[in-house]
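Asks: Got a structure for you, questions after.
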Amino acid sequence: MNLPFRLQSFRHGVHPDDHKQGTEHLVVEHMPFVGRYVLPLGQGGKPAKPTVTRGQRVRRGERIATADGFVSTSLHAPVDGTIVDLGRHRHPNGDLVDCIEIEADAFSLQTIVPHATVDPDTLDVDNFVAHVQQGGIVGLGGAAFPAHVKYKTPAEKPVRHFVLNGCECEPFLTCDHRTMVERPAEVLRGARIIAKKLGATDIHIGVEHNKPDAIAALRAQVLPGEAIHVTPLEVKYPQGAEKMLIKALFGQEVPAGKLPLDVGCVVNNVGTMVAIADWFDRGIPLIERVVTVSGPGVRRPANVRVPLGTPVRDLLAHCAGTVPETREFVMGGPMMGSSLASIDVPVLKGTSGVLAFTAAETARGNEFGCLKCGRCLDACANFLNPSVLARLSRHGEFDALEANFVMDCMECGACSFTCPSNIPIVQLIRVAKSAIRDQKRKEKKP
Amino acid sequence: MTGRSVRTQLQAAPFLHTTLTTPRLMVEVLLCALVAALAATWYFGLVALLVVLAATLGAVAAEWLLPVRLPRGSTLRDGSAVLTGVLVALTLPPAIPLWMAALGGFVAIALGKQLFGGLGQNLFNPALVGRAFLQAAFPTAITTWVPPRGFFDVPGTTFAWPFLRGQLDGLSTATPLSQMKFDHIATPLWDLFVGDVPGSLGETSALVLLLLGLWLGLRRAFDWRIPVAVLLAVVVVGGGLHLVLPARNPSPLFLLCSGGLLFGTVFMATDPVSSPTTPRGAWAFGAGIGALVVVIRNYGGLPEGVMYAILLMNAASPLIERVTQPRPFGRRRPA
């Protein structure tokens, strides 16, 4: 924590306790294979189309569903086994969605059958984008947006900076941290592939300075004279929001409603780069990812490399289960993740963490009146007025909400975190935003 | 793994929350106000505590008798009524009849807060509404200062029956501000600074108030921009006037240390409810208070102007807030 005020960052934001000490030094372990795997077809973009039938035997790494349209990605079998069901299963968000269920072959050695490796330099942009799409690769930071979509850039918007997001500003999560420490060569290999294809002039890697080992590991991989900059950033939430990261690195604001590309940037998560490197160099598609299992309810917190589709129940069991006082299960980080109604749901491509909380963390205190203390304004990285938005949301004043830029809110939750009166500010904003979206949809088709 | 008896819950993110809560904030400010009350007891004797007690009882009674119907129940638990009562008392002179102090506390909560809909809804600082009411209703009692005669000595007016004023058993003296206003006599700065001067309970010792303000500011109990803006404006406006006409206008140091300026700055102007929430608004609000205080003191008919300066800026606060909304990230300043 030496001289944090000197480090680059965005303005506003909050400083939650990072709770990373439980897992940040734990080497990523492998999740043993379990009996059944459930893979929702929609894991980033439009749901994929199954290419297998019930009863069909599949090999680990084999494609089982193909992208349906451009903003969609393929899906691959995480294990050797048999397709036992093409039907609806519970998604972590609570919905019943179309899935492929695989029963693992208990007698298989589970060796990956790699796809053909490809030298990215031999591909033109369109083929490159298509190949990334075939690898089933999505952004592994949490939003699971199909990775290849970002690489198809229009000619009138040249890319100057390729930005790697190693901030991991969500408390508890350490999966990106461990990835940077343990696989820095793959991180940079993926970054070099993408930056070259995009025609970016340089690569910037932003890492919060509470990960000095990750910064050192990445820097050790940079060749002399190479235009790759590893920048330590202030530990502040939401540093990992891509617009905040761009502001921190370049001092530039991405205009509201625009994309990073509009200021000449493409932003990717560090874990995504490892997936890119594995796909091109080793022919391994995205069939597993690193998940941080942590929180006071978990008996043996760990960073685990988990085959996609593994039930959360089995993952928690691998981490010695949860304490009886556990009151809430969260998928993702504690600031933006979602509560699980059931742990019989699969790990997805976008699952960065599985957290278990006890009553001590999840108890919500009494709500008091808004004192207009202004703490939420000082927290909001988007420079909105959350106190006003929450009040307007309670009264259903949609026009006033829009005039106060409610749709600019990225729902990072810094306002709710900081409110001394315990007002569920971001929750009220979410309600307002979805109501406004519904209204717009109705107006479109009368 | 998880037994059938275990009940889990579903909430919406974020799952983490800061440990700072509104009741804790109230308690922290309340403790600081009580330190100021103890300082008053040191200078004025036990009667100071009696006044604090009376005003607090009045405030709590109003909160209890006039509950705002909130689904979450009475706001008594957040401690804000107690704080308002103590703050009203600290604006009063030590010899005020206790029934007046209690009435002031009652009016502060009844008219200043509950009438608007309870905690967070009020336009004006409730404690100053109570004080303004007393000043309008009992102008003599609220401007009569009796020098302290002993720690346990209680002025004859203290236990006056309701609606009576009681017999003042001593000579009243002038405060530093009225001496300056009407006789152009400046009290030595050191006396002002340590607080050995006649005045209201909370406003005597600049030293104590500065320390309390510093503590609350470092604890982030209030928006530090407001007190900084008030003091800067007093120095700039008051200092400017002093440079132009030194015979007529007191020095900025005198302005800073005398009367209710520091007390009002630390405990009244920083009330979050009646001040703007926006950062730029906080600067404008504080600067307005500082400028108004200097203008009222130097050119108005009253020796003291802190109360009216803050109440006026309270009234302007919604407007200030409207024109100082932050510029959203990635947008031009809203027109």
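Asks: Any idea which of A:A379, A:A390, A:A341 is of a type in the set (A, V, I, L, M, F, W, C), closer than 18 Å to B:P272 by Cα and in contact with a Leu (Cβ under 7 Å, 6 or more places away or on another chain)?
Replies: On the way: A:A379 fails: in contact with a Leu (Cβ under 7 Å, 6 or more places away or on another chain); A:A341 fails: closer than 18 Å to B:P272 by Cα.
None of the other options fit; the residue is A:A390.
Asks: If you don't mind, there's one more thing I want to ask. Would you confirm whether or not segment A:353-370 contains a residue that is under 20 Å from A:V28 (Cα atoms), crowded, with 17+ Cβ neighbours inside 10 Å and in contact with a helix residue (DSSP H, G or I) (Cβ under 6 Å, 6 or more places away or on another chain)?
Replies: So far as segment A:353-370 goes, yes, one or more of its residues are under 20 Å from A:V28 (Cα atoms), crowded, with 17+ Cβ neighbours inside 10 Å and in contact with a helix residue (DSSP H, G or I) (Cβ under 6 Å, 6 or more places away or on another chain).
Asks: For B:F329, are the conditions met, namely being closer than 22 Å to B:N122 by Cβ and aromatic (F, W, Y)?
Replies: Taking the combined requirement at face value, the residue does not satisfy it.
Asks: Pull up segment B:272-317, narrow it to residues that are assigned to a loop (DSSP other than H, G, I, E, B) and within 14 Å of chain A (Cβ to nearest Cβ), then point me to the one that is nearest to B:G120 (Cα to Cα).
Replies: Filtering segment B:272-317 down to residues assigned to a loop (DSSP other than H, G, I, E, B) leaves B:272-278, B:300-305.
Next, from what is left, pick out any that are within 14 Å of chain A (Cβ to nearest Cβ): B:272-278.
Values: B:P272: 9, B:V273: 5, B:S274: 8, B:S275: 11, B:P276: 12, B:T277: 12, B:T278: 16 Å.
Checked segment B:272-317; the qualifying residue nearest to B:G120 (Cα to Cα) is B:V273.
Asks: Restricting to segment A:390-437, give me the number of residues that are closer than 17 Å to A:M336 by Cα, out of contact with any helix residue (DSSP H, G or I) (no Cβ under 8 Å at 6 or more places or on another chain) and facing chain B (nearest Cβ under 8 Å).
Replies: Here the count works out to 2.
Asks: Looking only at segment B:197-217, how many residues end up being over 16 Å from A:D378 (Cβ atoms) and either outside any loop (DSSP other than H, G, I, E, B) or not assigned by TED's automatic domain parsing to the domain that holds B:L312 (or both)?
Replies: So in segment B:197-217, the residues over 16 Å from A:D378 (Cβ atoms) come out as B:197-216.
Now narrow it down to the ones that are either outside any loop (DSSP other than H, G, I, E, B) or not assigned by TED's automatic domain parsing to the domain that holds B:L312 (or both): B:201-203, B:206-216.
Going through segment B:197-217 one residue at a time, the tally reaches 14.
Asks: For segment A:113-128, which residues satisfy the criterion of being of a type outside the set (D, E, K, R) and either more than 16 Å from A:P307 (Cα to Cα) or buried (at least 21 other Cβ atoms within 10 Å of the Cβ) (or both)?
Replies: At the first step, the residues of segment A:113-128 found to be of a type outside the set (D, E, K, R) are A:113-118, A:120, A:122-123, A:125, A:127-128.
Answer for segment A:113-128, where residues must be of a type outside the set (D, E, K, R) and either more than 16 Å from A:P307 (Cα to Cα) or buried (at least 21 other Cβ atoms within 10 Å of the Cβ) (or both): A:H115, A:A116, A:T117, A:V118, A:P120, A:T122, A:L123, A:V125, A:N127, A:F128.
Asks: Checking the structure you have, find out if any residue of segment A:129-137 is surrounded by fewer than 16 Cβ atoms within 10 Å (Cβ to Cβ) and within 22 Å of A:V354 (Cα to Cα).
Replies: No: segment A:129-137 contains no residue that is surrounded by fewer than 16 Cβ atoms within 10 Å (Cβ to Cβ) and within 22 Å of A:V354 (Cα to Cα).
Asks: Picking from B:R280, B:R248, which residue would you name as being under 25 Å from A:H12 (Cβ atoms), touching a residue at least 40 places away in the same chain (Cβ under 8 Å) and surrounded by fewer than 24 Cβ atoms within 10 Å (Cβ to Cβ)? Spell out how you get there, then give the answer.
Replies: Details: B:R248 fails: under 25 Å from A:H12 (Cβ atoms).
That would be B:R280, the only listed residue that is under 25 Å from A:H12 (Cβ atoms), touching a residue at least 40 places away in the same chain (Cβ under 8 Å) and surrounded by fewer than 24 Cβ atoms within 10 Å (Cβ to Cβ).
Asks: A further question on this structure: Within segment B:227-246, is even one residue of a type in the set (G, A, S) and either in a loop (DSSP other than H, G, I, E, B) or over 27 Å from B:A315 (Cα atoms) (or both)? It would help to see each step written out before you state the result.
Replies: We begin by selecting, within segment B:227-246, every residue of a type in the set (G, A, S); these are B:229, B:233, B:238-240.
The next check asks that each one be either in a loop (DSSP other than H, G, I, E, B) or over 27 Å from B:A315 (Cα atoms) (or both); those that pass are none.
For segment B:227-246, residues of a type in the set (G, A, S) and either in a loop (DSSP other than H, G, I, E, B) or over 27 Å from B:A315 (Cα atoms) (or both): absent.
Asks: What's the number of the only condition in (1) surrounded by fewer than 19 Cβ atoms within 10 Å (Cβ to Cβ); (2) at pLDDT 95 or above; (3) assigned to a helix (DSSP H, G or I) that A:R88 fails to meet?
Replies: (3)
Asks: Looking at the structure I just gave you, is A:G35 under 30 Å from A:L245 (Cβ atoms) and modelled with pLDDT under 95?
Replies: On the way: under 30 Å from A:L245 (Cβ atoms): no; modelled with pLDDT under 95: yes.
For A:G35, the condition - under 30 Å from A:L245 (Cβ atoms) and modelled with pLDDT under 95 - is not met.
Asks: Mind listing whichever residues of segment B:8-40 are under 19 Å from A:F172 (Cβ atoms) and facing chain A (nearest Cβ under 9 Å)? Working first, answer last.
Replies: Filtering segment B:8-40 down to residues under 19 Å from A:F172 (Cβ atoms) leaves B:8-19.
If the condition is that a residue be under 19 Å from A:F172 (Cβ atoms) and facing chain A (nearest Cβ under 9 Å), then B:T8, B:Q9, B:L10, B:Q11, B:A12, B:A13, B:P14, B:F15, B:L16, B:H17, B:T18 are the ones that fit.
Asks: Moving on. How many residues does segment A:360-375 contain that are more than 7 Å from chain B (Cβ to nearest Cβ) and over 20 Å from A:G333 (Cβ atoms)? Please lay out each step first, then the result.
Replies: In the first step, residues of segment A:360-375 are kept if they are more than 7 Å from chain B (Cβ to nearest Cβ); the result is A:360, A:363-364, A:375.
Keeping just the survivors that are over 20 Å from A:G333 (Cβ atoms) gives A:375.
Count: 1.
Asks: Do we find that A:P146 is away from every other protein chain (no Cβ under 14 Å), within 26 Å of A:V347 (Cα to Cα), without any contact (Cβ under 8 Å) to a residue 40 or more places away in the chain and surrounded by 21 or more Cβ atoms within 10 Å (Cβ to Cβ) in this structure? Break it down stepwise before answering.
Replies: Working: away from every other protein chain (no Cβ under 14 Å): yes; within 26 Å of A:V347 (Cα to Cα): yes; without any contact (Cβ under 8 Å) to a residue 40 or more places away in the chain: no; surrounded by 21 or more Cβ atoms within 10 Å (Cβ to Cβ): yes.
Considered against the rule, which asks whether it is away from every other protein chain (no Cβ under 14 Å), within 26 Å of A:V347 (Cα to Cα), without any contact (Cβ under 8 Å) to a residue 40 or more places away in the chain and surrounded by 21 or more Cβ atoms within 10 Å (Cβ to Cβ), A:P146 comes out as no.
Asks: Going through segment A:341-356 one residue at a time, which ones are modelled with pLDDT under 95 and touching a Phe, Trp or Tyr at 6+ places or on another chain (Cβ under 8 Å)?
Replies: A:I343
Asks: Could you tell me whether A:D281 is outside any loop (DSSP other than H, G, I, E, B), touching a residue at least 60 places away in the same chain (Cβ under 8 Å) and within 11 Å of chain B (Cβ to nearest Cβ)? First the steps, then the outcome.
Replies: Values: outside any loop (DSSP other than H, G, I, E, B): yes; touching a residue at least 60 places away in the same chain (Cβ under 8 Å): yes; within 11 Å of chain B (Cβ to nearest Cβ): no.
So A:D281 does not fit the description; no.
Asks: Let me ask another. Out of B:F222, B:F152, I need the residue that is touching a Leu at 6+ places or on another chain (Cβ under 8 Å) and surrounded by fewer than 21 Cβ atoms within 10 Å (Cβ to Cβ). Which one? Give the derivation first.
Replies: On the way: B:F222 fails: surrounded by fewer than 21 Cβ atoms within 10 Å (Cβ to Cβ).
Exactly one of B:F222, B:F152 is touching a Leu at 6+ places or on another chain (Cβ under 8 Å) and surrounded by fewer than 21 Cβ atoms within 10 Å (Cβ to Cβ), namely B:F152.
Asks: Would you please name the residue that is nearest to A:R90 (Cα to Cα), looking only at residues in segment A:300-326 that are within 10 Å of chain B (Cβ to nearest Cβ) and surrounded by fewer than 20 Cβ atoms within 10 Å (Cβ to Cβ)?
Replies: It comes out as A:R313.
Asks: Going by the conditions given, is A:V235 among the aliphatic types (A, V, I, L, M) and either surrounded by 24 or more Cβ atoms within 10 Å (Cβ to Cβ) or without any contact (Cβ under 8 Å) to a residue 60 or more places away in the chain (or both)? Spell out the reasoning first.
Replies: Values: among the aliphatic types (A, V, I, L, M): yes; either surrounded by 24 or more Cβ atoms within 10 Å (Cβ to Cβ) or without any contact (Cβ under 8 Å) to a residue 60 or more places away in the chain (or both): no.
Considered against the rule, which asks whether it is among the aliphatic types (A, V, I, L, M) and either surrounded by 24 or more Cβ atoms within 10 Å (Cβ to Cβ) or without any contact (Cβ under 8 Å) to a residue 60 or more places away in the chain (or both), A:V235 comes out as no.
Asks: Let me ask you something else. For residues in segment A:403-446 being of a type in the set (S, T, N, Q) and free of Cβ contacts under 8 Å to residues at least 60 places away in the same chain, which is nearest to A:F383 (Cα to Cα)? Lay out the reasoning, then the answer.
Replies: Filtering segment A:403-446 down to residues of a type in the set (S, T, N, Q) leaves A:404, A:416, A:418, A:421-422, A:427, A:434, A:439.
Those still in the list that are free of Cβ contacts under 8 Å to residues at least 60 places away in the same chain too: A:404, A:416, A:421-422, A:427, A:434, A:439.
Numbers: A:N404: 11, A:S416: 15, A:S421: 20, A:N422: 20, A:Q427: 18, A:S434: 21, A:Q439: 25 Å.
It comes out as A:N404.
Asks: Among the candidates A:G353, A:G374, A:G396, single out the residue that is within 30 Å of A:T322 (Cβ to Cβ) and of a type outside the set (V, I, T).
Replies: A:G353
Asks: Name every residue in segment B:112-130 that is at pLDDT below 95 and away from chain A (no Cβ under 13 Å), in order of residue number. Full working, then the answer.
Replies: From segment B:112-130, those at pLDDT below 95 are B:112-123; that's our starting set.
Those that are at pLDDT below 95 and away from chain A (no Cβ under 13 Å): B:G112, B:L115.
Asks: Would you please name the residue that is surrounded by the fewest Cβ atoms within 10 Å (Cβ to Cβ), looking only at residues in segment A:379-389 that are more than 7 Å from chain B (Cβ to nearest Cβ) and in contact (Cβ under 8 Å) with a residue 40 or more places away in the chain?
Replies: Of all residues in segment A:379-389, those more than 7 Å from chain B (Cβ to nearest Cβ) come to A:379-380, A:386, A:388-389.
Subsequent filtering for residues that are in contact (Cβ under 8 Å) with a residue 40 or more places away in the chain retains A:379-380, A:386, A:389.
On the way: A:A379: 24, A:C380: 29, A:P386: 28, A:L389: 26.
Filtering segment A:379-389 for residues that are more than 7 Å from chain B (Cβ to nearest Cβ) and in contact (Cβ under 8 Å) with a residue 40 or more places away in the chain, the one surrounded by the fewest Cβ atoms within 10 Å (Cβ to Cβ) comes out as A:A379.
Asks: I've got another one for you. Name every residue in segment B:171-188 that is surrounded by 15 or more Cβ atoms within 10 Å (Cβ to Cβ) and part of a helix (DSSP H, G or I), in order of residue number.
Replies: B:P176, B:L177, B:S178, B:Q179, B:M180, B:K181
Asks: Among (1) of a type in the set (F, W, Y); (2) touching a residue at least 24 places away in the same chain (Cβ under 8 Å); (3) under 30 Å from A:G337 (Cβ atoms), where does B:F15 come up short?
Replies: Result: B:F15 fails condition (2) only.
Asks: Quickly run through segment A:149-162 and pick out the residues that are surrounded by 16 or more Cβ atoms within 10 Å (Cβ to Cβ) and out of contact with any strand residue (DSSP E or B) (no Cβ under 9 Å at 6 or more places or on another chain).
Replies: Scanning segment A:149-162 gives a single hit, A:V149.
Asks: Find the residue count for segment A:237-260, including only residues that are part of a helix (DSSP H, G or I) and either under 19 Å from the mean Cα position of the chain (by Cα) or at the interface with chain B (Cβ under 10 Å from one of its Cβ atoms) (or both).
Replies: So in segment A:237-260, the residues part of a helix (DSSP H, G or I) come out as A:242-250, A:260.
If we keep only those that are either under 19 Å from the mean Cα position of the chain (by Cα) or at the interface with chain B (Cβ under 10 Å from one of its Cβ atoms) (or both) too, we end up with A:242-247, A:260.
Looking only at that region, the number is 7.
Asks: Suppose we filter segment A:186-218 for residues that are part of a loop (DSSP other than H, G, I, E, B) and either aliphatic (A, V, I, L, M) or crowded, with 23+ Cβ neighbours inside 10 Å (or both); how many remain?
Replies: Filtering segment A:186-218 for residues part of a loop (DSSP other than H, G, I, E, B) gives A:199-201, A:209-211.
With the extra rule that they be either aliphatic (A, V, I, L, M) or crowded, with 23+ Cβ neighbours inside 10 Å (or both), the set shrinks to A:200, A:211.
Residues in segment A:186-218 being part of a loop (DSSP other than H, G, I, E, B) and either aliphatic (A, V, I, L, M) or crowded, with 23+ Cβ neighbours inside 10 Å (or both): 2 in total.
The values are calculated or read from the model by the stated rules, or taken from the named source; none is laboratory data. Since this is a predicted model, take the numbers as computed values, not measurements. Neighbour counts are summed over all protein chains in view; Cβ atoms, including those assigned to glycine, are modelled from backbone coordinates with ideal geometry.
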